[in-house]
Each structure stands twice: as structure tokens, then as C-alpha cells.
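> Quick one: the structure is below, and I'll ask about it shortly.
Just so it is clear, none of the values below were taken in a lab; they were calculated from the coordinates. Note that the coordinates shown come from a computational prediction; the quantities given were computed from them, not determined experimentally. Here the Cβ is made from the backbone with ideal geometry for all residues, glycine too, and neighbour counts use every protein chain on show.
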There are 2 protein chains.
Amino acid sequence: MSQTDTVSRILDAAEILFAERGFTETSLRTITSTAGVNLAAVNYHFGSKKELIQAVFERFLTPFTQALAVELDRRVATGEPLTVEDLLSSIYQVAIGSLVKRGRDPQRFMRLLGLAYTQYQGHLRRFIVSRYGDSYRRFAGLLAQALPGLDPVTFYWRLYFMLGATIFTLSSFDAIEAILREDFGAESSLQETLERLVPAASAMLKVNG
Amino acid sequence: MSQTDTVSRILDAAEILFAERGFTETSLRTITSTAGVNLAAVNYHFGSKKELIQAVFERFLTPFTQALAVELDRRVATGEPLTVEDLLSSIYQVAIGSLVKRGRDPQRFMRLLGLAYTQYQGHLRRFIVSRYGDSYRRFAGLLAQALPGLDPVTFYWRLYFMLGATIFTLSSFDAIEAILREDFGAESSLQETLERLVPAASAMLKVNG
DNA sequence: CATCATTTAAAACAACTGTTTGGTTTTGCC
DNA sequence: GGCAAAACCAAACAGTTGTTTTAAATGATG
């Protein structure tokens with residue numbers, strides 16, 4: 001088994017199991033056995049469990065933020081002012097696109113993002129902020145420009161409301177979809193849900209008062 | 001030390017520690033030592049760690065849902081139609097009121113609610129749904145009545161958007177508030193944040209399209 | 001005061017955790 | 001083909017986990 005193979009098998013297994021159960025609820029033995037590699041391989045290749053967790057996030061956040069930067073560059077270059085709806089659908093489509101392209105499951109990453117926010121893992125928060133804080137600030141800045149006249153504190157609270165609605169809903173997408181399918185017989189795709197989320201979140205950001 | 005004293009000391013400590021770190025990250029030894037009771041007391045009084053977790057939720061969800069029922073009864077009895085804003089501010093005020101009255105920290109319960117949604121604890125989800133599902137459905141029904149003409153599937157997705165925005169934001173209230181205070185020097189109370197949340201969430205629920 | 005169930009205490013339990021060790025196999029390169 | 005470096009493996013390590021056991025203390029009741 002080649003090195004890159006072992007490393008990516010570990011990352012694949014860890015990504016799935018972390019998203020399902022959380023970090024502390026997933027042992028290295030579960031990861032290595034589902035990956036079909038030796039227990040010691042994690043510490044050999046990544047150093048520690050903490051660093052494995054960070055590597056899982058790095059593997060999907062780096063291509064995502066790069067694709068987002070490209071998309072934002074493209075839109076800014078047109079010279080046309082960016083609306084709130086433009087920005088939201090941009091970031092959602094980039095999120096889906098940059099993952100589907102690699103044959104990965106977008107909902108899983110929403111679950112991981114949700115975990116990063118809610119779980120008790122100080123090192124992970126620090127890692128993400130230091131590594132991807134610039135991307136976040138650029139997007140937030142463009143969004144603020146699309147909402148002139150809104151005072152900064154109100155804007156930032158609403159930005160968190162929007163983040164909460166997005167991450168929370170999409171990280172539980174499968175569960176919510178199953179409930180609605182049972183109660184109304186109506187299937188919802190991730191794409192459709194994002195199309196519902198864009199106008200709803202935009203209205204929340206734009207409302208006066 | 002009397003029995004009720006020991007029981008409530010355990011619940012107090014567990015509530016704080018669970019909200020801070022999560023369930024698996026909090027050991028029974030940490031709980032019992034901060035509570036100043038013996039380790040075996042948890043298994044003696046509650047049976048298991050799972051049942052302790054459920055007891056923590058029961059202790060704050062039961063008074064909350066009871067107070068909510070009283071408040072909804074009161075508002076329905078006036079005969080006036082309930083607006084979305086009415087319902088949201090009702091539930092927020094009841095949440096704060098029913099807790100502050102008991103000298104408990106409202107943000108802690110938002111954190112616990114967030115954990116109940118995001119953590120990998122199937123038994124807790126089942127416990128909450130079976131115990132408090134009726135309260136949830138009544139509130140959702142009244143909210144749907146306040147939004148006539150909205151198709152059910154769209155309504156429920158937006159309800160989840162709203163839940164996500166609320167739980168996610170308020171469970172991280174301290175962290176977000178600290179960031180905004182540092183960046184803008186503006187302090188935000190929980191009360192003020194709820195007053196921002198009501199119109200924002202209402203706009204999200206009511207928007208056309 | 002004696003009796004009995006309730007409650008606490010300390011210790012031990014078996015299972016599981018992340019990590020390290022020492023040795024073996026495989027790989028890439030001269 | 002030989003050799004050093006990288007990769008892998010099984011085993012053991014030390015520490016923590018939830019839970020149970022055994023014995024001592026407590027407190028109410030006759």
C-alpha cells in the first residue's frame with residue numbers, strides 16, 4: 001500500500017466517522033479498522049489525533065476557499081455591484097461544486113462545519129480561524145458592502161443568524177428531509193433547499209428595523 | 001447531606017459541565033468532584049450517565065414548556081390573531097423568564113439545546129421528542145396559522161432555518177458577543193440580541209418567493 | 001437504645017482511550 | 001544487488017472511562 005493511499009484512506013474514514021459521531025466519540029481504532037490500516041499509522045502519518053482532525057478540515061476547506069476566491073474575483077471583475085442574493089448563491093454553489101467535483105458529500109462537510117463550531121475543541125477553532133480567517137473576512141466584507149446603511153453590530157449579528165440557519169439546517173439535512181418526506185411525501189434535494197435558503201436568508205439580512 | 005441536596009448538586013454540576021464541554025467530554029468523576037459528592041452517587045441516584053443527561057434536560061425543559069403553554073393559552077384567549085412577531089417574542093421571553101426566575105443562566109440552556117441537536121446521542125433525541133414533541137407541534141401549528149398561504153414544505157424548511165439561527169447564535173452568545181465587543185466596543189445583552197432576532201427571523205419566515 | 005433501610009465511601013472492575021516501542025517489511029536509489 | 005530511508009505491523013503502555021462491589025456511616029422509627 002503506497003503512502004498517499006494509506007493517508008487518504010485514513011482521511012476518508014475519519015471524515016465519515018467524525019461527521020457521523022463527533023470527534024471524541026470516534027476512536028482511532030474505529031478509524032483505522034474501517035480504513036483497513038494499522039492503528040499506529042495515524043500517529044505515524046499525522047502525529048496525533050488533534051492533527052488528524054485538523055488535516056480532515058484542511059482537505060476540504062482549502063479547495064473550498066480557493067474556489068470561493070476565484071468565484072468572488074470573477075464576480076467582482078465584472079464591475080457590477082454584488083447583491084446579497086448573488087453572494088449567498090455564490091458561496092452555496094461553490095461549496096457544493098468544489099465538493100461534488102471531487103466526488104465528496106456536501107452534507108458531510110456541513111456536519112463537520114457544525115461540529116467545528118459546537119464541539120469542545122479549542123485547537124480546531126484556532127486552526128480554522130488562523131488558516132481561513134481571511135476568506136471569511138473577505139466574504140463578510142463584500143456582504144456588508146451589499147447592505148449599505150446597516151450598522152455594523154446589527155450586520156454582524158445577522159451574519160451569525162445566517163450562518164446558524166445555514167450550518168444548522170444543512171448539517172441536519174438528511175434528518176429534516178426524512179421528516180418532511182414522511183409528513184408531506186415531498187422530497188427535497190440539497191439544491192432545492194439552498195434555493196429556499198437564499199431568499200429566506202437574504203430577507204433576514206436586508207429587513208429594516 | 002440530604003438526598004434532594006445530593007441530587008440537585010449533581011444536576012447543577014452536570015448542567016454546567018455538559019454545557020461547557022459536551023457529554024462525552026465530561027466524565028462522571030469531574031461531575032461528582034465539582035459537586036462535592038461521591039462518584040457512586042450518580043449511578044445510585046440516576047442509574048446511568050445517560051439517565052443523568054436526560055434528567056438535566058428534564059429539569060429545564062419541563063418548566064419551560066409549562067410556562068410556554070400558559071403564555072400561549074393567555075395569548076390565544078384574547079381572541080386577537082397572533083402574529084409571527086408575537087409568537088417569536090413570546091417563546092423567547094418565556095425561555096428567558098422561566099429560567100432567570102429560577103436563578104439559572106439562559107445561555108447555558110441554549111448551549112444544551114444546541115448539544116441535543118448536534119451531539120451523537122440518539123437516546124437524548126428520542127427522550128426529548130417523546131417528552132416535549134407536543135409543545136413543539138403546538139407552537140409550530142400556531143406559527144403556521146400566522147403565515148397563511150405559505151405551502152407546508154416551505155414553511156417547515158423556514159422553521160428549521162429559524163431554529164438554526166436561534167439555537168446556533170444563542171448557544172455561542174458569549175463567544176460572539178466577545179468578538180463584537182472587541183471589534184466595535186459595543187456590548188450586546190441577551191435581551192438586545194433577542195430583539196434583533198425577532199424581526200430578522202420574522203422577515204425570513206414571511207418573505208415571498 | 002436497638003433496628004433497619006437508606007445513603008455514602010473507597011476500592012476494584014473490565015473495557016477502552018491515545019500513544020509509543022521495537023522489530024519487520026517494503027520502497028526508492030546508487 | 002546492496003543499502004539506507006520510509007512505511008508498516010503487532011504488542012504493550014499508562015491513563016481514563018462508566019459501572020459495580022463491599023463495607024461503613026447515617027438517620028428515622030419502634
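> Starting from region A:1-55, pick out the chymotrypsin sites (Phe, Trp or Tyr not before Pro) whose DSSP state is loop and whose Cβ has at most 11 other Cβ atoms within 10 Å.
Within region A:1-55, no chymotrypsin sites (Phe, Trp or Tyr not before Pro) qualify (loop, at most 11 other Cβ atoms within 10 Å).
> Across peptide B:167-175, what mean number of C-beta atoms from other chains lies inside 10 Å of a residue's C-beta?
Neighbouring Cβ atoms belonging to other protein chains average 5 per residue here.
> In addition: Looking at region A:114-192, which GluC sites (Glu not before Pro) are in a loop (DSSP not H, G, I, E or B) and have at most 15 other Cβ atoms within 10 Å?
Loop-located and lightly packed - A:GLU187.
> Expressed as a rounded percentage, what relative contact order does chain B have, with Cα pairs under 8 Å and six or more residues apart?
21
> If you put +1 on each Lys and Arg Cβ and -1 on each Asp and Glu Cβ, how big is the dipole of region B:54-194 around its Cα centre, in Debye rounded to 20?
For region B:54-194, the charge dipole is close to 720 debye.
> Taking a ≥ b ≥ c as the square roots of the eigenvalues of the Cα gyration tensor of region B:50-206, is the shape rounded (a/c under 1.5), prolate (a/b larger than b/c) or oblate?
The shape class here is rounded.
> Related question: Counting pairs of alpha carbon atoms under 8 Å apart in space and at least six apart in sequence, what relative contact order in percent does region A:114-209 give?
28
> Additional query: Helix A:84-100 versus the longest principal axis of chain A: what angle, 0 to 90°, nearest 10, using Cα atoms?
20
> Please sort by residue number the trypsin sites (Lys or Arg not before Pro) in region B:85-130 whose DSSP state is loop and whose Cβ has at most 14 other Cβ atoms within 10 Å.
B:LYS101, B:ARG102
> Can you tell me how region B:79-122 classifies by the Cα gyration tensor, rounded, prolate or oblate, using a/c under 1.5 as the rounded cut?
It is oblate, given that a/c is not under 1.5 and a/b is not larger than b/c.
> Over region B:1-47, calculate the relative contact order: mean separation of alpha carbon pairs under 8 Å at least 6 apart, over the residue count, as a percent.
The normalised contact order for region B:1-47 reaches 40 percent.
> Quick check for me: using +1 on Lys/Arg Cβ and -1 on Asp/Glu Cβ, what's the dipole size of the protein assembly as shown about its Cα centre, in debye to the nearest 20?
900
> Further, regarding this structure: Using only the alpha-carbon atoms, how far is helix B:49-77 inclined from the longest principal axis of chain B? Give it as 0 to 90 degrees, nearest 10.
Roughly 30 degrees, rounded to the nearest 10.
> Using only the Cα atoms of the protein assembly as shown, build the gyration tensor, take square roots of its eigenvalues as a ≥ b ≥ c, and label the shape rounded, prolate or oblate: rounded if a/c is under 1.5, else prolate if a/b is larger than b/c, else oblate.
Judged from the Cα gyration tensor, the protein assembly as shown comes out oblate (a/c at least 1.5, b/c at or above a/b).
> If you place +1 on the Cβ of every Lys and Arg and -1 on the Cβ of every Asp and Glu, how big does the dipole about the Cα centre of region A:147-209 come out, in debye to the nearest 20?
Its charge dipole is roughly 360 debye.
> In degrees between 0 and 90, to the nearest 10, how far off the longest principal axis of chain B does helix B:173-184 point, with axes built from Cα atoms?
70
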